[in-house]
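Here the structure is laid out as structure tokens; the discussion comes afterwards.
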Amino acid sequence: MEQIFEILQDNARATPEQISTMLGIAVDEVEKAITQAEENRTIIKYKTIINWPKLGKKEVWALIEVKVTPQHGVGFDAIAEHIYRFPEVQYAYLVSGTYDLAMLVKGKNMQEISSFVTEKLAPLGEVQSTVTHFLLKRYKDDGEIVELPEEPRRLPLMP
């Protein structure tokens, strides 16, 4: 059944009928597997990747690394949950290395992200320090190339 989810991860618009044909299994088996996966949160969300700048929408993203003090009995999970519940946080991860948490944060402008860090994140008692990296250009998102490079134009060869 893992193949069903690989197909959906690559193409969230694939229908049970298409998946059934691709894998050679009954449509009702595919539908049952998908329904069960949605109910138990194996499938968390269906997603479309939009190149917003092409539509004129401006947004700023930042990668924020956070060093925190783990709490007795719950480790990093409690502070991580507190942080990832902020609406600005789009992605949150526990990481190895100098910092404990890494998150991707989205805002309308740099000031909005700066305010998030200074007014919401840094004041938390468990937060020891943060480092903010503003993302300048997006080359690839969720495994997809955002802007395909233009094909080089060749001049015709003259005999």
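Every number in this text was worked out from the coordinates using simple rules, so none of it is lab data. Quantities reported herein were computed from a predicted structural model and do not represent experimental measurements. Note that we place each Cβ from the backbone using ideal geometry, even for glycine, and neighbour counts take in every protein chain shown.
Once you sort the root eigenvalues of the Cα gyration tensor of segment 52-137 as a ≥ b ≥ c, which label holds: rounded (a/c under 1.5), prolate (a/b larger than b/c) or oblate (the other case)? Since a/c reaches 1.5 and a/b is larger than b/c, the shape of segment 52-137 is classed as prolate.
Keeping to pairs on different chains or 8 or more places apart, tell me how many lysine pairs in segment 52-137 have Cα atoms under 13 Å apart. Walk me through the intermediate numbers first.
Numbers: Lys57/Lys106; Lys57/Lys108; Lys58/Lys106; Lys58/Lys108; Lys58/Lys137.
For segment 52-137, qualifying lysine pairs total 5.
Between Val95 and Glu29, the FRET efficiency from the beta-carbon distance, with R0 = 35 Å, is close to 0.40.
Here's how it looks for Glu126: its modeled amide H is under 5 Å from none belonging to a residue 5 or more places away or on a different chain.
Please give the FRET efficiency for Lys137 paired with Glu2, using the beta carbon to beta carbon distance and R0 = 35 Å, rounded to the nearest 0.05.
Numbers: r = 34 Å, r/R0 = 0.98.
Efficiency, from the Cβ-Cβ distance: 0.55.
From helices alone, the chain scores -7500 deg cm²/dmol at 222 nm; the rule is -39500 (n - 2.57) for each run of n ≥ 4 DSSP H residues, then divide by the residue total. Bridgeable lysines around Lys32 (alpha carbons under 21 Å apart, same-chain partners fewer than 8 residues away excluded): Lys45, Lys47. Under 5 Å between amide hydrogens, built in the peptide plane, is the criterion, and for Ile43 it picks out Glu38 among residues at least 5 positions away or on other chains. Candidate values [x] 16.2; [y] 17.5; [z] 19.4 were compared with Kirkwood radius over Cα pairs in Å computed on the shown model; the agreeing label is [z].
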